[in-house]
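This report concerns only the one structure given below.
The values are calculated or read from the model by the stated rules, or taken from the named source; none is laboratory data. Everything numeric in this text was worked out from a predicted model, so none of it was measured. Cβ: placed from backbone, ideal geometry, glycine included. Neighbour counts: every protein chain shown. The protein model used for the area step is the full one, side chains on, heavy atoms only, and it has no ligands, DNA or RNA in it. Shrake-Rupley method; radii C 1.70, N 1.55, O 1.52, S 1.80 Å.
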Amino acid sequence: MCGIVAAIAQRDVDLILLEGLKRLEYRGYDSAGMAILDQGEIGRLRSVGKVVALEALNRTQRLRGTLGIAHTRWATHGEPSERNAHPHICNGRIAVVHNGIIENHEALRAQQQADGLRFTSDTDTEVIAHQIWQHVNEGLPLDEAVRRTTEEVEGAYAIAVIDREDPERLVAARRGSPLVIGIGLGENFLASDVQALLPVTQQFIYPENGDLVVLTRDGVEIRDAHGKRVERPNVRSELSAAEASKGGFKHYMLKEIHEQPRAIADTLEGRIIGNRVPDEILGPGAAAILDRIRAVQIVACGTSYHAGLVARYWFEQHAGLRCEVEVASEFRYRRHVVEPGTLFVTISQSGETADTLAALMLAKELGYEASLAICNVPESSLVRESDLVLMTRAGPEIGVASTKAFTTQLVALMLMTIVAGRRHGLGPDQEQALCGDLLALPGLVEAVLESDAPTRGFAELISEREHSLFLGRGPHYPVAMEGALKLKEISYIHAEAYPAGELKHGPLALVDAEMPVIAVAPDDALLEKLKSNLEEVRARGGELYVFAEESAAMDEAGDGLHLIRVPSAPESVAPIVYTVPLQLLAYHAAVMKGTDVDQPRNLAKSVTVE
């Protein structure tokens, strides 16, 4: 949500800012803007819609200058409009971009209006610009004015600020929202994500919560929440600008679906040694912590929550550990009973999901045995705040609908299950078998991708419908949930998932010829029960779309059954294999409906506000 790019350089920065905004489009937004200081004046351009509209404005009204800030906005306070788009400017002097939510903005606005300040937007962000202006107008330097303002605002934020009267400095601060510093030669940068800055640098510094940052062309100064000057590590990113391109695919989502065999192989690399998963994959001190673990609490949001639901079956079946899974936004707001020896596990692609981070902070207060993060971004807040970490290696995921992040999360969760399971009855033979299943995964997923044509045919039929039901049993019920989420979020077809055994407890009333029922049917212990559930659909004139292995003999006689064969997969990793055709189904349906596949309406990639 919301994207920040800022630069102070010895060259015009407008094209750097625009390219950075394009690389942050995956975060989700409804408007864009930039402000650049040139010859003692701040020029500003803003537009509703895509960054290309802002780019077109800049071609006709080009902003030149060596100090600038830019932003993509995802509306929270105030409708999507040019007047609400960032940057916000106070009295022609202070320009601000902001990611987050200011919770006490109404009280600040009332006081500022009483002081005679005029508002030109409906946003919470404008109070930041006014507050900083009041302090510089009192004679404080820009950095001190920003620091004072951060003490007066409540909520989550990352901000970047420029002052017409201070052309040699760019000031920023963060609390709760992501921000990264890019280090160049005679130029320095800020952004919400390293991907925005990869064309200009691969050297990055990650400010911590409460840090205030002052950038000049030749240096970086960071002060912590107590005002003390501090040094933060300078990290070289292994990502390249090319990795964030579409690579010849029509959409990022399709590219990322096809990257899954490689992403899974990368996530496994070096983590299975001699058919064994070493404790050390979870980090230093992992063995001692795992020896004390008696239960697991998983907290996550969206797709990551579905990964946790699959893992619950694994932890209890293979590791003998009781496992609870909860949505982070719900976990935060209820009383808890924490059993001794419970490991608190968070799952997040970005590591900056606001609700998940807040849940982790709460868990520390509640006294969980330890915390473990499964994440795709090594420098993220979630990783830095956790005791143990297991990184996925999905690489950049640009499409809003998560694909390779989800499957690599599942791989990581199975690795974690194996490590924890050794302490609770998982024998060497079982561990070896599970390791073998994992090592076979990249080839199985590749086989699914090579037989995509029938799925495209399914999608053509489903794209004409307004509603759909997804069914699964056991660990494939969360897979059905993930399939329904993918379809609804990018094709806008209403989709819901149910355990197949729950059909007769209500959902069966919805079944008719206009309600496609999509089922995941692996050849496992629950197959025969699933077949009975599917016959209930056929008996009522419903149309069945079933993904099944060749060995799962399905009665294709009569009408109402459409069958796609999925490669035979070991039961332990079948949920990962069956996820892939559901991703393809959603993708093709969305393309046929003509929706914006990579940036679906109303959604953001990283939900960095509550």
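In this structure, the amide hydrogen of Y545, modeled 1.01 Å from its nitrogen in the peptide plane, lies closer than 5 angstrom to those of V517, I518, A519, H562, counting only residues at least 5 positions away or on a different chain.
Just how many % of Cα pairs in region 61-202 lie over 18 Å apart, if you round to the nearest whole percent? Across region 61-202, Cα pairs with separations above 18 Å total 55 percent. Placing unit charges on each Cβ (+1 for Lys and Arg, -1 for Asp and Glu) gives region 267-349 a dipole about its Cα centre, and among A286, T303, T342 the Cα reaching farthest toward its positive end belongs to T342. Extension gain for D596-R294 works out to 104.2 nm (0.36 nm per residue, less the C-alpha to C-alpha distance).
Using all pairs of distinct alpha-carbon atoms, the Kirkwood hydrodynamic radius of region 159-271 works out to 16.1 angstrom. Normalised Debye scattering of region 440-496 at q = 0.16, 0.17, 0.26 Å⁻¹ gives log10 I(q)/I(0) of -0.61, -0.68, -1.10, counting only Cα atoms as equal scatterers and leaving out solvent.
In the context of the full set of protein chains, region 314-360 has a per residue accessible area of 41 Å² (1.4 Å probe). The helix-based estimate of mean residue ellipticity at 222 nm for the chain, built from -39,500 (n - 2.57) per DSSP H run of four or more residues and divided by its residue count, is -11000 deg cm²/dmol to the nearest 500. All distinct Cα pairs of region 254-404 go into the 1/r average, and the inverse of that average, the Kirkwood radius, is 15.9 Å.
Within 10 Å of each candidate Cβ there may be at most 11 other Cβ atoms; applying that plus a DSSP loop requirement, which chymotrypsin sites (Phe, Trp or Tyr not before Pro) in region 269-351 survive? Loop-located and lightly packed - Y333.
Averaging the sequence gap over all C-alpha pairs within less than 8 Å and six or more residues apart, then dividing by the number of residues, gives region 283-346 a relative contact order of 48 percent. Highest mean packing first, where packing is the average number of other Cβ atoms within 10 Å per residue, the peptides 513-526, 431-444 line up as 513-526, 431-444. Compute the helix-to-body angle for 453-462: its Cα long axis versus the longest principal axis of the chain, expressed 0 to 90° and rounded to tens. So the helix axis and the longest Cα principal axis differ by about 80 degrees.
Determine the share of the chain's accessible area contributed by carbon and sulfur atoms, expressed in whole percent, with a 1.4 angstrom probe. That share works out to 48 percent. Scanning residues 5 or more positions from G176 or on other chains, those with amide H under 5 Å from its amide H are Y157, G210, with H placed 1.01 Å from N in the peptide plane.
Segment R334..L15, full-extension length gain: 110.1 nm, with 0.36 nm per residue of separation and the alpha-carbon distance subtracted.
Note on region 1-65: semi-axes of the ellipsoid equivalent to its C-alpha gyration tensor, largest first and rounded to whole Å, are 20, 13, 10. Computed over protein heavy atoms with a 1.4 Å probe, the accessible surface of region 144-286 works out to 42 Å² per residue.
Spacing of the modelled spin labels on V52 and R148, each 7 Å from Cα toward Cβ, amounts to 4.6 nm.
Relative to the longest principal axis of the Cα atoms of the chain, helix 354-366 runs at roughly 80 degrees.
Taken about its Cα centre, the chain carries a charge dipole of roughly 720 debye when the Cβ of each Lys and Arg holds +1 and the Cβ of each Asp and Glu holds -1.
Against the empirical 2.2 N^0.38 Å (N residues), region 345-503 has a Cα radius of gyration ratio of 1.21. The calculated P(r) of region 196-322, using every Cα pair and 5 Å bins from 0, goes 2, 7, 9, 12, 15, 14, 14, 15, 9, 3, 1, 0 in percent. Phi angles across region 17-25 convert, under the Karplus curve 6.51 cos²θ - 1.76 cosθ + 1.60 with θ = phi - 60°, into 3J(HN,Hα) values of 5, 5, 5, x, 4, 4, 6, 9, 4 Hz, Gly and Pro given as x.
Taking every alpha-carbon pair under 8 Å whose residues sit at least 6 apart, the chain reaches a relative contact order of 12 percent.
Here the relative contact order of region 126-258, from alpha carbon pairs under 8 Å that lie six or more residues apart, stands at 17 percent. What is the helix-to-structure angle for 476-491, meaning the angle in degrees between its Cα long axis and the longest Cα principal axis of the chain, kept from 0 to 90 and rounded to the nearest 10? Orientation of helix 476-491: about 50 degrees from the principal axis.
Its Kirkwood hydrodynamic radius, worked out from the mean inverse distance over all distinct Cα pairs, puts region 24-135 at 14.4 Å. If R0 is taken as 60 Å, the Cβ-Cβ distance between R322 and E138 corresponds to a FRET efficiency of 0.55.
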